[in-house]
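The values are calculated or read from the model by the stated rules, or taken from the named source; none is laboratory data. Note that this is a predicted model, so its numbers are computed, not measured. As a convention, Cβ positions derive from the backbone with ideal geometry for all residues, glycine included, and neighbour counts pool all protein chains shown.
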Amino acid sequence: MRRNEPDPLVPACRRPLWYRRDDMSDPQPLRFVVIGAGMSGILAAIRLEEAGYEDVSIYEKADRLGGTWRENTYPGIACDVPSHLYSYSFEPNPDWSHRYSPGDEIQAYLEDVARRRGVVGRIRFGAEIARCEHRDGRWLLETKDGVRDEADVVIGATGVLHHPNVPDLPGLADFGGAAFHSARWDHRVPLDGRRIGIIGTGSTAVQMTAALVHRVAKLSLFQRTAQWIAPQENPPYTAGEKATFARSPEQMRELRDVMSRMFADNFANALGDADSPQMRMIAEVCRANLENSVSDPVLREKLRPSYRAACKRLVVSPDFYQAIQRPNAELVTEAIERIERGGIRTKDGRLHELDVLVLATGFRTDRFLRPIEVVGRGGTRLDDVWAKRPSAYLSISIPDFPNLFLLNGPNGPVGNFSLIEVAELQFDYVLQLVEEIRTGRCRELSPTHAASDRFDADRVEAAKKTIWMTGCRSWYLDDRGVPAAWPWSFERFRERMAKPDFEAWERC
Ligand code: N01
(Lines give C-alpha, C1' and ligand atoms only; values in the text may rest on other atoms or scores of the structure.)
Protein backbone atom coordinates (compact mmCIF):
# COMPACT_ATOMS: atom_id res chain seq x y z
CA MET A 1 0.00 0.00 0.00
CA ARG A 2 1.39 3.46 -0.90
CA ARG A 3 1.68 5.77 2.06
CA ASN A 4 -0.97 8.21 0.84
CA GLU A 5 -3.53 5.56 0.01
CA PRO A 6 -6.27 5.12 2.56
CA ASP A 7 -5.99 2.22 4.94
CA PRO A 8 -8.67 -0.24 3.77
CA LEU A 9 -9.28 -1.26 7.38
CA VAL A 10 -10.38 2.26 8.29
CA PRO A 11 -13.77 3.34 6.96
CA ALA A 12 -13.38 6.33 4.68
CA CYS A 13 -15.86 8.43 6.58
CA ARG A 14 -16.64 7.71 10.18
CA ARG A 15 -19.89 9.24 11.22
CA PRO A 16 -20.21 9.49 14.97
CA LEU A 17 -23.28 8.17 16.72
CA TRP A 18 -24.32 11.61 17.84
CA TYR A 19 -24.61 12.64 14.25
CA ARG A 20 -27.10 9.96 13.13
CA ARG A 21 -30.19 11.92 12.36
CA ASP A 22 -33.23 10.95 10.38
CA ASP A 23 -33.79 14.33 8.85
CA MET A 24 -30.58 15.33 7.06
CA SER A 25 -32.13 18.46 5.61
CA ASP A 26 -32.12 20.50 8.85
CA PRO A 27 -29.40 23.13 8.78
CA GLN A 28 -26.59 22.26 11.15
CA PRO A 29 -24.97 24.91 13.33
CA LEU A 30 -21.34 24.46 12.44
CA ARG A 31 -18.32 25.47 14.49
CA PHE A 32 -15.31 26.88 12.66
CA VAL A 33 -11.75 27.37 13.82
CA VAL A 34 -9.50 29.56 11.72
CA ILE A 35 -5.77 29.20 12.32
CA GLY A 36 -3.94 32.50 11.83
CA ALA A 37 -5.12 36.11 11.92
CA GLY A 38 -3.26 37.40 8.90
CA MET A 39 -4.81 38.65 5.69
CA SER A 40 -6.43 35.25 4.87
CA GLY A 41 -7.67 34.49 8.37
CA ILE A 42 -9.34 37.89 8.66
CA LEU A 43 -10.93 37.30 5.27
CA ALA A 44 -12.25 33.89 6.36
CA ALA A 45 -13.84 35.31 9.52
CA ILE A 46 -15.54 38.13 7.61
CA ARG A 47 -16.87 35.88 4.88
CA LEU A 48 -18.10 33.26 7.34
CA GLU A 49 -20.01 35.85 9.28
CA GLU A 50 -21.50 37.25 6.06
CA ALA A 51 -22.59 33.72 5.16
CA GLY A 52 -24.45 33.47 8.46
CA TYR A 53 -22.00 31.33 10.44
CA GLU A 54 -21.77 32.64 13.95
CA ASP A 55 -19.60 30.13 15.73
CA VAL A 56 -16.16 31.16 14.51
CA SER A 57 -12.91 31.48 16.49
CA ILE A 58 -9.52 32.53 15.21
CA TYR A 59 -6.40 31.28 16.91
CA GLU A 60 -3.39 33.57 16.53
CA LYS A 61 -0.03 32.72 18.05
CA ALA A 62 1.13 36.35 18.19
CA ASP A 63 -0.34 39.17 20.23
CA ARG A 64 -1.32 41.18 17.17
CA LEU A 65 -3.05 40.37 13.89
CA GLY A 66 -1.57 41.08 10.46
CA GLY A 67 0.62 38.05 9.61
CA THR A 68 3.29 39.02 7.08
CA TRP A 69 2.63 42.72 7.63
CA ARG A 70 2.96 42.41 11.38
CA GLU A 71 6.20 40.45 11.12
CA ASN A 72 7.98 42.33 8.36
CA THR A 73 8.76 45.86 9.53
CA TYR A 74 12.17 46.36 7.94
CA PRO A 75 13.02 49.83 6.58
CA GLY A 76 11.65 50.29 3.07
CA ILE A 77 9.03 47.54 3.21
CA ALA A 78 6.24 47.90 0.67
CA CYS A 79 4.10 45.59 -1.40
CA ASP A 80 4.85 45.27 -5.09
CA VAL A 81 1.21 44.54 -5.90
CA PRO A 82 -0.70 47.82 -6.43
CA SER A 83 -2.50 48.79 -3.23
CA HIS A 84 -5.94 49.06 -4.79
CA LEU A 85 -5.47 45.47 -5.91
CA TYR A 86 -3.87 44.36 -2.65
CA SER A 87 -7.09 45.25 -0.77
CA TYR A 88 -10.16 43.20 0.02
CA SER A 89 -12.68 43.59 -2.82
CA PHE A 90 -15.35 44.41 -0.25
CA GLU A 91 -13.22 46.96 1.60
CA PRO A 92 -11.75 49.38 -0.92
CA ASN A 93 -9.53 51.96 0.71
CA PRO A 94 -9.53 55.53 -0.62
CA ASP A 95 -6.59 56.50 1.58
CA TRP A 96 -3.73 54.48 0.10
CA SER A 97 -0.83 56.90 0.00
CA HIS A 98 0.95 55.41 -3.02
CA ARG A 99 0.32 53.15 -5.94
CA TYR A 100 2.45 50.62 -3.99
CA SER A 101 1.94 51.51 -0.35
CA PRO A 102 4.35 50.81 2.52
CA GLY A 103 3.98 47.87 4.88
CA ASP A 104 2.81 49.86 7.91
CA GLU A 105 -0.15 51.18 5.90
CA ILE A 106 -1.13 47.66 4.94
CA GLN A 107 -0.87 46.57 8.58
CA ALA A 108 -3.04 49.54 9.64
CA TYR A 109 -5.55 48.70 6.89
CA LEU A 110 -5.85 45.08 8.07
CA GLU A 111 -6.26 46.18 11.69
CA ASP A 112 -8.88 48.73 10.73
CA VAL A 113 -10.89 46.26 8.62
CA ALA A 114 -10.68 43.58 11.35
CA ARG A 115 -11.85 46.03 14.01
CA ARG A 116 -14.74 47.47 11.99
CA ARG A 117 -15.90 44.04 10.84
CA GLY A 118 -15.95 42.64 14.36
CA VAL A 119 -13.17 40.14 13.67
CA VAL A 120 -10.93 41.23 16.55
CA GLY A 121 -13.38 39.95 19.16
CA ARG A 122 -13.15 36.47 17.64
CA ILE A 123 -9.36 36.26 17.86
CA ARG A 124 -7.65 34.38 20.66
CA PHE A 125 -4.25 36.06 20.73
CA GLY A 126 -1.14 34.37 22.05
CA ALA A 127 -2.74 31.00 21.32
CA GLU A 128 -0.59 28.82 19.09
CA ILE A 129 -2.31 25.70 17.78
CA ALA A 130 0.06 22.79 18.30
CA ARG A 131 -2.16 19.86 17.36
CA CYS A 132 -5.28 19.14 15.27
CA GLU A 133 -6.75 15.69 15.19
CA HIS A 134 -9.74 14.52 13.21
CA ARG A 135 -11.63 12.13 15.42
CA ASP A 136 -15.18 10.83 15.10
CA GLY A 137 -16.06 13.41 12.48
CA ARG A 138 -14.76 16.48 14.30
CA TRP A 139 -11.49 18.32 14.60
CA LEU A 140 -10.00 18.37 18.08
CA LEU A 141 -7.53 21.17 18.52
CA GLU A 142 -5.01 21.90 21.21
CA THR A 143 -2.83 24.95 21.76
CA LYS A 144 0.76 24.90 22.90
CA ASP A 145 -0.51 25.87 26.36
CA GLY A 146 -2.87 22.90 26.48
CA VAL A 147 -6.11 24.76 25.75
CA ARG A 148 -8.52 22.47 23.89
CA ASP A 149 -11.23 23.24 21.38
CA GLU A 150 -13.35 21.44 18.79
CA ALA A 151 -14.55 22.37 15.33
CA ASP A 152 -16.51 20.94 12.44
CA VAL A 153 -14.42 22.85 9.96
CA VAL A 154 -10.85 24.13 10.23
CA ILE A 155 -9.51 26.87 7.99
CA GLY A 156 -5.71 26.89 7.75
CA ALA A 157 -4.63 30.47 7.12
CA THR A 158 -1.05 30.20 8.28
CA GLY A 159 0.66 31.94 5.37
CA VAL A 160 3.37 31.05 2.89
CA LEU A 161 6.35 33.33 3.55
CA HIS A 162 6.29 32.90 7.29
CA HIS A 163 9.15 30.82 8.64
CA PRO A 164 12.46 32.69 8.30
CA ASN A 165 15.22 30.87 6.46
CA VAL A 166 18.22 31.37 8.71
CA PRO A 167 21.28 30.14 6.81
CA ASP A 168 23.74 27.87 8.47
CA LEU A 169 26.69 30.25 8.11
CA PRO A 170 29.74 29.27 10.15
CA GLY A 171 30.35 31.64 13.05
CA LEU A 172 26.97 33.37 12.90
CA ALA A 173 26.59 33.09 16.67
CA ASP A 174 30.01 34.72 17.18
CA PHE A 175 29.07 38.03 15.57
CA GLY A 176 29.79 40.87 18.00
CA GLY A 177 27.16 43.33 16.76
CA ALA A 178 23.42 43.01 16.29
CA ALA A 179 22.26 40.30 13.88
CA PHE A 180 18.72 39.47 12.90
CA HIS A 181 16.56 38.13 10.08
CA SER A 182 14.71 40.69 7.98
CA ALA A 183 11.37 39.40 9.32
CA ARG A 184 12.56 39.85 12.92
CA TRP A 185 13.76 43.43 12.68
CA ASP A 186 15.11 44.74 15.97
CA HIS A 187 14.01 48.37 16.07
CA ARG A 188 16.06 49.04 19.19
CA VAL A 189 19.28 48.74 17.19
CA PRO A 190 20.55 52.13 16.00
CA LEU A 191 21.40 52.28 12.31
CA ASP A 192 22.32 55.88 11.58
CA GLY A 193 25.99 56.35 10.88
CA ARG A 194 26.81 52.66 11.37
CA ARG A 195 28.21 49.89 9.16
CA ILE A 196 25.48 47.53 8.02
CA GLY A 197 25.78 44.25 6.14
CA ILE A 198 22.88 42.69 4.27
CA ILE A 199 23.01 39.09 3.08
CA GLY A 200 20.72 38.35 0.12
CA THR A 201 19.49 40.16 -2.97
CA GLY A 202 15.79 39.28 -3.09
CA SER A 203 12.87 41.74 -2.94
CA THR A 204 13.50 42.31 0.76
CA ALA A 205 17.20 43.15 0.47
CA VAL A 206 16.61 45.41 -2.52
CA GLN A 207 13.96 47.48 -0.72
CA MET A 208 16.07 47.64 2.41
CA THR A 209 19.20 48.71 0.56
CA ALA A 210 17.44 51.67 -1.05
CA ALA A 211 15.90 52.71 2.29
CA LEU A 212 19.06 52.40 4.38
CA VAL A 213 21.93 53.58 2.24
CA HIS A 214 21.23 57.25 2.98
CA ARG A 215 21.31 56.67 6.71
CA VAL A 216 24.28 54.42 7.32
CA ALA A 217 28.01 55.04 7.22
CA LYS A 218 28.59 51.99 5.03
CA LEU A 219 26.27 49.44 3.47
CA SER A 220 27.72 46.13 2.26
CA LEU A 221 25.36 43.98 0.22
CA PHE A 222 26.43 40.33 0.03
CA GLN A 223 25.18 38.92 -3.25
CA ARG A 224 25.22 35.19 -3.95
CA THR A 225 23.15 35.53 -7.12
CA ALA A 226 22.45 38.70 -9.12
CA GLN A 227 18.82 39.68 -9.68
CA TRP A 228 17.02 41.11 -12.66
CA ILE A 229 15.32 44.29 -11.54
CA ALA A 230 12.33 45.84 -13.24
CA PRO A 231 12.01 49.59 -12.80
CA GLN A 232 8.82 50.60 -11.08
CA GLU A 233 7.72 54.13 -10.35
CA ASN A 234 5.65 54.59 -7.24
CA PRO A 235 3.75 57.88 -7.43
CA PRO A 236 1.79 59.11 -4.42
CA TYR A 237 -1.96 59.55 -4.76
CA THR A 238 -2.87 63.24 -4.62
CA ALA A 239 -5.38 64.63 -2.13
CA GLY A 240 -7.75 65.14 -5.08
CA GLU A 241 -7.46 61.50 -6.18
CA LYS A 242 -8.09 60.28 -2.64
CA ALA A 243 -11.14 62.52 -2.34
CA THR A 244 -12.48 61.14 -5.62
CA PHE A 245 -11.94 57.57 -4.39
CA ALA A 246 -13.71 58.37 -1.12
CA ARG A 247 -16.70 59.82 -2.99
CA SER A 248 -16.86 56.98 -5.43
CA PRO A 249 -16.09 53.46 -4.18
CA GLU A 250 -17.34 52.29 -7.55
CA GLN A 251 -14.39 54.05 -9.18
CA MET A 252 -12.01 52.25 -6.83
CA ARG A 253 -13.58 48.91 -7.76
CA GLU A 254 -13.15 49.70 -11.43
CA LEU A 255 -9.52 50.63 -10.80
CA ARG A 256 -9.05 47.34 -8.96
CA ASP A 257 -10.52 45.40 -11.89
CA VAL A 258 -8.34 47.26 -14.38
CA MET A 259 -5.23 46.62 -12.26
CA SER A 260 -6.13 42.96 -11.89
CA ARG A 261 -6.52 42.53 -15.65
CA MET A 262 -3.32 44.44 -16.43
CA PHE A 263 -1.35 42.53 -13.82
CA ALA A 264 -2.60 39.22 -15.20
CA ASP A 265 -2.26 40.04 -18.92
CA ASN A 266 1.08 41.83 -18.82
CA PHE A 267 2.85 39.66 -16.32
CA ALA A 268 1.24 36.90 -14.34
CA ASN A 269 -0.36 34.88 -17.14
CA ALA A 270 2.80 35.06 -19.21
CA LEU A 271 4.91 33.34 -16.53
CA GLY A 272 3.35 30.06 -17.59
CA ASP A 273 4.92 30.33 -21.04
CA ALA A 274 8.62 31.10 -20.98
CA ASP A 275 8.52 31.96 -24.69
CA SER A 276 5.64 34.43 -24.51
CA PRO A 277 6.09 37.94 -25.94
CA GLN A 278 5.44 39.39 -22.47
CA MET A 279 8.38 37.45 -21.02
CA ARG A 280 10.60 38.74 -23.82
CA MET A 281 9.36 42.26 -23.13
CA ILE A 282 10.07 41.94 -19.39
CA ALA A 283 13.57 40.66 -20.17
CA GLU A 284 14.16 43.66 -22.41
CA VAL A 285 12.86 46.13 -19.80
CA CYS A 286 15.10 44.63 -17.11
CA ARG A 287 18.14 44.57 -19.40
CA ALA A 288 17.62 48.20 -20.39
CA ASN A 289 17.19 49.13 -16.74
CA LEU A 290 20.57 47.62 -15.94
CA GLU A 291 22.34 49.12 -18.97
CA ASN A 292 20.88 52.59 -18.47
CA SER A 293 21.12 52.80 -14.71
CA VAL A 294 24.57 51.46 -13.83
CA SER A 295 27.46 53.46 -15.22
CA ASP A 296 30.47 51.51 -13.92
CA PRO A 297 30.96 48.56 -16.31
CA VAL A 298 32.55 46.38 -13.63
CA LEU A 299 29.65 46.90 -11.24
CA ARG A 300 27.18 46.46 -14.10
CA GLU A 301 28.61 43.01 -14.92
CA LYS A 302 28.52 42.01 -11.27
CA LEU A 303 24.84 42.95 -11.21
CA ARG A 304 24.01 41.09 -14.43
CA PRO A 305 22.24 37.78 -13.80
CA SER A 306 23.14 34.69 -15.78
CA TYR A 307 19.56 33.40 -16.03
CA ARG A 308 16.35 34.69 -17.57
CA ALA A 309 14.34 37.57 -16.14
CA ALA A 310 11.39 36.42 -13.95
CA CYS A 311 12.92 32.94 -13.50
CA LYS A 312 13.30 33.95 -9.87
CA ARG A 313 10.48 36.02 -8.37
CA LEU A 314 10.91 39.29 -10.27
CA VAL A 315 12.32 42.08 -8.14
CA VAL A 316 10.96 45.56 -8.77
CA SER A 317 12.53 48.79 -7.62
CA PRO A 318 12.65 52.41 -8.67
CA ASP A 319 15.91 53.15 -6.87
CA PHE A 320 18.03 50.09 -6.09
CA TYR A 321 20.58 50.71 -8.83
CA GLN A 322 21.01 54.32 -7.67
CA ALA A 323 21.41 53.13 -4.09
CA ILE A 324 24.06 50.52 -4.80
CA GLN A 325 26.11 53.08 -6.76
CA ARG A 326 26.40 55.48 -3.84
CA PRO A 327 29.95 55.92 -2.53
CA ASN A 328 29.08 54.38 0.85
CA ALA A 329 27.57 51.23 -0.73
CA GLU A 330 29.49 48.13 -1.75
CA LEU A 331 28.26 45.10 -3.66
CA VAL A 332 30.21 42.11 -2.37
CA THR A 333 30.15 39.17 -4.77
CA GLU A 334 32.93 37.17 -3.16
CA ALA A 335 31.41 34.16 -1.37
CA ILE A 336 31.09 34.25 2.42
CA GLU A 337 33.71 32.20 4.24
CA ARG A 338 32.43 32.75 7.78
CA ILE A 339 31.03 35.27 10.20
CA GLU A 340 33.43 36.61 12.79
CA ARG A 341 33.06 38.84 15.81
CA GLY A 342 33.97 41.92 13.75
CA GLY A 343 32.04 41.17 10.55
CA ILE A 344 31.93 38.88 7.51
CA ARG A 345 35.07 37.22 6.19
CA THR A 346 34.80 36.46 2.47
CA LYS A 347 36.64 33.67 0.65
CA ASP A 348 39.28 36.12 -0.63
CA GLY A 349 40.36 36.57 3.00
CA ARG A 350 38.94 40.07 3.41
CA LEU A 351 37.08 41.03 6.58
CA HIS A 352 34.09 43.28 5.96
CA GLU A 353 33.72 45.07 9.27
CA LEU A 354 30.13 45.48 10.41
CA ASP A 355 28.10 46.81 13.33
CA VAL A 356 24.79 45.33 12.19
CA LEU A 357 24.13 42.20 10.14
CA VAL A 358 20.76 41.59 8.45
CA LEU A 359 19.84 38.20 7.05
CA ALA A 360 17.56 39.01 4.11
CA THR A 361 17.74 35.34 3.28
CA GLY A 362 14.08 34.58 2.62
CA PHE A 363 11.74 32.00 4.04
CA ARG A 364 11.21 28.27 4.34
CA THR A 365 8.42 28.11 1.82
CA ASP A 366 7.46 24.46 2.24
CA ARG A 367 6.06 24.69 5.79
CA PHE A 368 2.42 25.84 5.50
CA LEU A 369 0.53 24.32 8.47
CA ARG A 370 3.67 22.82 9.94
CA PRO A 371 4.93 22.65 12.70
CA ILE A 372 1.32 21.97 13.77
CA GLU A 373 0.86 18.24 14.26
CA VAL A 374 -2.13 17.45 12.05
CA VAL A 375 -3.69 14.01 12.21
CA GLY A 376 -6.41 13.20 9.71
CA ARG A 377 -8.84 10.39 9.10
CA GLY A 378 -7.66 6.96 10.24
CA GLY A 379 -4.61 8.44 11.98
CA THR A 380 -3.05 9.75 8.76
CA ARG A 381 -0.36 12.22 9.73
CA LEU A 382 0.23 15.32 7.65
CA ASP A 383 3.95 15.13 8.43
CA ASP A 384 4.01 11.74 6.66
CA VAL A 385 1.86 12.84 3.73
CA TRP A 386 4.05 15.91 3.26
CA ALA A 387 7.33 14.17 4.12
CA LYS A 388 8.76 14.80 0.65
CA ARG A 389 6.93 18.01 -0.18
CA PRO A 390 3.61 19.67 0.60
CA SER A 391 0.69 19.25 -1.76
CA ALA A 392 -3.02 20.00 -1.73
CA TYR A 393 -5.80 19.56 -4.24
CA LEU A 394 -6.24 22.93 -5.96
CA SER A 395 -4.01 24.18 -3.13
CA ILE A 396 -7.04 23.96 -0.83
CA SER A 397 -7.45 20.53 0.68
CA ILE A 398 -5.74 17.19 1.26
CA PRO A 399 -7.16 13.67 0.90
CA ASP A 400 -7.88 12.07 4.29
CA PHE A 401 -8.04 15.47 6.01
CA PRO A 402 -11.77 16.17 5.78
CA ASN A 403 -13.19 19.61 6.39
CA LEU A 404 -9.71 21.13 6.58
CA PHE A 405 -9.39 23.90 4.04
CA LEU A 406 -6.28 25.94 3.34
CA LEU A 407 -6.03 29.49 2.07
CA ASN A 408 -2.87 30.20 0.09
CA GLY A 409 -1.85 26.59 0.62
CA PRO A 410 0.75 24.53 -1.32
CA ASN A 411 1.12 24.92 -5.08
CA GLY A 412 -1.23 27.86 -5.30
CA PRO A 413 -0.81 31.08 -7.21
CA VAL A 414 1.87 32.50 -4.93
CA GLY A 415 4.06 35.29 -6.06
CA ASN A 416 2.43 35.94 -9.39
CA PHE A 417 -0.99 37.25 -8.36
CA SER A 418 -2.44 39.39 -5.58
CA LEU A 419 -2.65 36.96 -2.67
CA ILE A 420 -5.76 38.77 -1.39
CA GLU A 421 -7.53 38.13 -4.67
CA VAL A 422 -6.35 34.52 -4.55
CA ALA A 423 -7.61 34.01 -0.99
CA GLU A 424 -10.99 35.56 -1.82
CA LEU A 425 -11.50 33.22 -4.77
CA GLN A 426 -10.38 30.24 -2.71
CA PHE A 427 -12.75 31.14 0.06
CA ASP A 428 -15.71 31.41 -2.34
CA TYR A 429 -14.91 27.84 -3.32
CA VAL A 430 -14.57 26.72 0.30
CA LEU A 431 -17.91 28.32 1.20
CA GLN A 432 -19.62 26.25 -1.47
CA LEU A 433 -18.11 23.10 0.02
CA VAL A 434 -19.17 24.14 3.50
CA GLU A 435 -22.69 24.73 2.20
CA GLU A 436 -22.86 21.00 1.45
CA ILE A 437 -22.16 20.30 5.09
CA ARG A 438 -24.45 23.01 6.45
CA THR A 439 -27.42 21.76 4.48
CA GLY A 440 -26.77 18.22 5.61
CA ARG A 441 -25.98 16.85 2.16
CA CYS A 442 -22.86 15.46 3.72
CA ARG A 443 -20.90 15.67 6.91
CA GLU A 444 -17.36 15.39 5.63
CA LEU A 445 -15.61 16.55 2.50
CA SER A 446 -12.12 15.84 1.28
CA PRO A 447 -10.64 15.49 -2.18
CA THR A 448 -10.23 11.99 -3.57
CA HIS A 449 -6.73 10.58 -3.94
CA ALA A 450 -7.31 10.15 -7.66
CA ALA A 451 -8.30 13.81 -8.17
CA SER A 452 -5.43 15.00 -6.07
CA ASP A 453 -2.87 12.85 -7.92
CA ARG A 454 -4.25 13.96 -11.28
CA PHE A 455 -4.09 17.62 -10.29
CA ASP A 456 -0.50 17.19 -9.19
CA ALA A 457 0.54 15.38 -12.37
CA ASP A 458 -1.09 18.05 -14.56
CA ARG A 459 0.54 20.79 -12.54
CA VAL A 460 3.99 19.26 -12.81
CA GLU A 461 3.56 18.80 -16.57
CA ALA A 462 2.38 22.40 -17.08
CA ALA A 463 5.24 23.69 -14.94
CA LYS A 464 7.73 22.55 -17.56
CA LYS A 465 6.73 25.44 -19.79
CA THR A 466 7.01 28.11 -17.13
CA ILE A 467 9.73 30.72 -16.91
CA TRP A 468 10.50 29.38 -13.40
CA MET A 469 12.05 26.24 -14.91
CA THR A 470 14.46 27.98 -17.24
CA GLY A 471 17.48 27.47 -15.01
CA CYS A 472 17.80 29.36 -11.74
CA ARG A 473 17.57 28.71 -8.01
CA SER A 474 14.46 30.17 -6.39
CA TRP A 475 12.01 29.70 -3.57
CA TYR A 476 9.40 28.59 -6.10
CA LEU A 477 11.20 25.30 -6.72
CA ASP A 478 10.53 22.19 -4.67
CA ASP A 479 13.03 19.45 -3.79
CA ARG A 480 12.78 18.12 -7.39
CA GLY A 481 13.29 21.53 -8.96
CA VAL A 482 9.59 21.71 -9.93
CA PRO A 483 7.88 25.07 -9.31
CA ALA A 484 5.50 24.67 -6.38
CA ALA A 485 3.18 27.29 -7.81
CA TRP A 486 0.09 27.51 -10.00
CA PRO A 487 1.52 27.16 -13.53
CA TRP A 488 -1.60 28.24 -15.43
CA SER A 489 -3.34 31.53 -16.10
CA PHE A 490 -5.32 33.51 -13.59
CA GLU A 491 -8.47 32.98 -15.68
CA ARG A 492 -8.02 29.27 -15.25
CA PHE A 493 -7.66 29.75 -11.52
CA ARG A 494 -10.80 31.89 -11.44
CA GLU A 495 -12.70 29.22 -13.41
CA ARG A 496 -11.55 26.41 -11.14
CA MET A 497 -12.53 28.39 -8.06
CA ALA A 498 -15.96 29.42 -9.40
CA LYS A 499 -17.66 26.12 -8.67
CA PRO A 500 -16.48 22.95 -6.96
CA ASP A 501 -16.08 19.93 -9.22
CA PHE A 502 -17.87 17.61 -6.86
CA GLU A 503 -16.74 14.45 -8.62
CA ALA A 504 -13.26 15.24 -7.26
CA TRP A 505 -14.56 15.31 -3.71
CA GLU A 506 -15.37 12.46 -1.42
CA ARG A 507 -18.56 13.30 0.43
CA CYS A 508 -19.92 11.30 3.27
O1 N01 B 1 13.72 36.31 0.03
P2 N01 B 1 14.27 35.57 -1.31
P3 N01 B 1 13.07 37.75 0.18
N4 N01 B 1 24.22 32.74 1.65
O5 N01 B 1 14.11 34.12 -1.03
C6 N01 B 1 20.03 34.75 -0.41
C7 N01 B 1 8.01 38.49 -1.10
N8 N01 B 1 8.38 39.87 -0.87
O9 N01 B 1 12.74 37.91 1.63
O10 N01 B 1 19.42 33.92 -4.87
C11 N01 B 1 24.07 33.81 0.86
O12 N01 B 1 13.67 36.11 -2.51
C13 N01 B 1 19.44 34.26 -1.70
O14 N01 B 1 20.48 33.97 -2.62
P15 N01 B 1 20.21 33.04 -3.94
C16 N01 B 1 8.28 38.14 -2.55
O17 N01 B 1 7.39 37.15 -2.97
C18 N01 B 1 7.73 40.81 -1.55
O19 N01 B 1 13.88 38.78 -0.44
O20 N01 B 1 19.41 31.86 -3.43
N21 N01 B 1 22.91 34.23 0.39
C22 N01 B 1 18.58 35.45 -2.08
O23 N01 B 1 19.33 36.46 -2.66
C24 N01 B 1 9.68 37.59 -2.46
O25 N01 B 1 10.07 36.81 -3.55
C26 N01 B 1 8.10 42.11 -1.40
O27 N01 B 1 21.54 32.69 -4.41
C28 N01 B 1 21.81 33.53 0.75
C29 N01 B 1 18.08 35.93 -0.72
O30 N01 B 1 18.97 35.42 0.26
C31 N01 B 1 9.59 36.83 -1.18
O32 N01 B 1 8.85 37.68 -0.32
C33 N01 B 1 9.09 42.47 -0.51
C34 N01 B 1 21.89 32.40 1.58
C35 N01 B 1 16.70 35.43 -0.39
O36 N01 B 1 15.79 35.97 -1.32
C37 N01 B 1 10.90 36.52 -0.52
O38 N01 B 1 11.75 37.64 -0.63
C39 N01 B 1 9.74 41.48 0.18
C40 N01 B 1 23.17 32.02 2.03
N41 N01 B 1 23.35 30.94 2.81
C42 N01 B 1 9.37 40.19 0.00
N43 N01 B 1 20.64 31.91 1.76
C44 N01 B 1 7.43 43.11 -2.20
O45 N01 B 1 6.23 43.10 -2.32
C46 N01 B 1 19.82 32.70 1.06
N47 N01 B 1 20.52 33.68 0.45
C48 N01 B 1 8.26 44.10 -2.90
Only one residue in 435, 424, 444, 503 is in contact with a Cys (Cβ under 8 Å, 6 or more places away or on another chain), farther than 26 Å from residue 275 by Cβ and not polar (S, T, N, Q), so which one is that? 444
Flag if residue 486 is assigned to a loop (DSSP other than H, G, I, E, B), in contact (Cβ under 8 Å) with a residue 12 or more places away in the chain, touching a Pro at 6+ places or on another chain (Cβ under 7 Å) and assigned by TED's automatic domain parsing to the domain that holds residue 82: yes
When both residues are 6+ apart or on different chains and their Cβ atoms are under 6 Å apart, which pairs have a first residue that lies in the range 125-150 and is farther than 26 Å from residue 437 by Cβ, and a second that is of a type in the set (A, V, I, L, M, F, W, C) and modelled with pLDDT of 95 or more? 144/130
Go through (1) at negative phi; (2) out of contact with any strand residue (DSSP E or B) (no Cβ under 8 Å at 6 or more places or on another chain); (3) within 16 Å of the ligand (Cβ to nearest atom) and name the single condition residue 468 misses. (2)
With the condition kept exactly as written, say whether any residue in the range 231-242 is in contact (Cβ under 8 Å) with a residue 60 or more places away in the chain, of a type in the set (A, V, I, L, M, F, W, C) and more than 16 Å from the ligand (Cβ to nearest atom). no
Selection count where residues are among the charged types (D, E, K, R) and surrounded by 18 or more Cβ atoms within 10 Å (Cβ to Cβ), scope the range 62-79: 2
Residues in the range 94-113: is at least one hydroxyl-bearing (Ser, Thr, Tyr), over 21 Å from residue 256 (Cα atoms) and outside any loop (DSSP other than H, G, I, E, B)? no
Would you check which residues across the range 406-441 are among the aromatic types (Phe, Trp, Tyr) and closer than 21 Å to residue 101 by Cα and list them? 417
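Restrict the check to the range 196-205 and report whether at least one residue is surrounded by 14 or more Cβ atoms within 10 Å (Cβ to Cβ), more than 25 Å from residue 69 (Cβ to Cβ) and either more than 11 Å from the ligand (Cβ to nearest atom) or among the basic types (Lys, Arg) (or both). If you could, list the steps in order and put the result at the bottom.
Residues of the range 196-205 surrounded by 14 or more Cβ atoms within 10 Å (Cβ to Cβ): 196-205.
Filter once more, so that each one left must be more than 25 Å from residue 69 (Cβ to Cβ): 197.
Of the ones still in play, those that are also either more than 11 Å from the ligand (Cβ to nearest atom) or among the basic types (Lys, Arg) (or both) are 197.
Yes; the residues of the range 196-205 include at least one that is surrounded by 14 or more Cβ atoms within 10 Å (Cβ to Cβ), more than 25 Å from residue 69 (Cβ to Cβ) and either more than 11 Å from the ligand (Cβ to nearest atom) or among the basic types (Lys, Arg) (or both).
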Residue check: is residue 387 within 20 Å of the chain's Cα centre (by Cα) and among the aliphatic types (A, V, I, L, M)? no
Residue pairs, Cβ under 6 Å, 6 or more apart or interchain, first in the range 358-371 and closer than 27 Å to residue 221 by Cβ, second aromatic (Phe, Trp, Tyr) and within 12 Å of the ligand (Cβ to nearest atom). List them. 362/475; 365/475
Looking only at the range 447-472, how many residues end up being within 18 Å of residue 273 (Cα to Cα) and of a type in the set (Ser, Thr, Tyr)? 2
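Taking the stated definitions as given, is residue 193 away from the ligand (no atom under 16 Å from the Cβ), of a type in the set (Gly, Ala, Ser), within 22 Å of residue 331 (Cβ to Cβ) and surrounded by fewer than 20 Cβ atoms within 10 Å (Cβ to Cβ)? Explain how you work it out, then say what you get.
Values: away from the ligand (no atom under 16 Å from the Cβ): yes; of a type in the set (Gly, Ala, Ser): yes; within 22 Å of residue 331 (Cβ to Cβ): yes; surrounded by fewer than 20 Cβ atoms within 10 Å (Cβ to Cβ): yes.
In short, yes.
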Hey, can you tell me all the residues within the range 209-227 that are within 9 Å of the ligand (Cβ to nearest atom) and within 22 Å of residue 310 (Cβ to Cβ)? 223, 224, 225, 226, 227
Residues that are surrounded by fewer than 17 Cβ atoms within 10 Å (Cβ to Cβ) and either in contact with a strand residue (DSSP E or B) (Cβ under 7 Å, 6 or more places away or on another chain) or at pLDDT 95 or above (or both), at least 2 per element: which helices (runs of 4 or more DSSP H) completely within the range 231-304 meet that? 239-247, 277-293, 297-302
Of the residues in the range 305-356 that are in a strand (DSSP E or B) and surrounded by fewer than 17 Cβ atoms within 10 Å (Cβ to Cβ), the one that is nearest to the ligand (Cβ to nearest atom) is 338
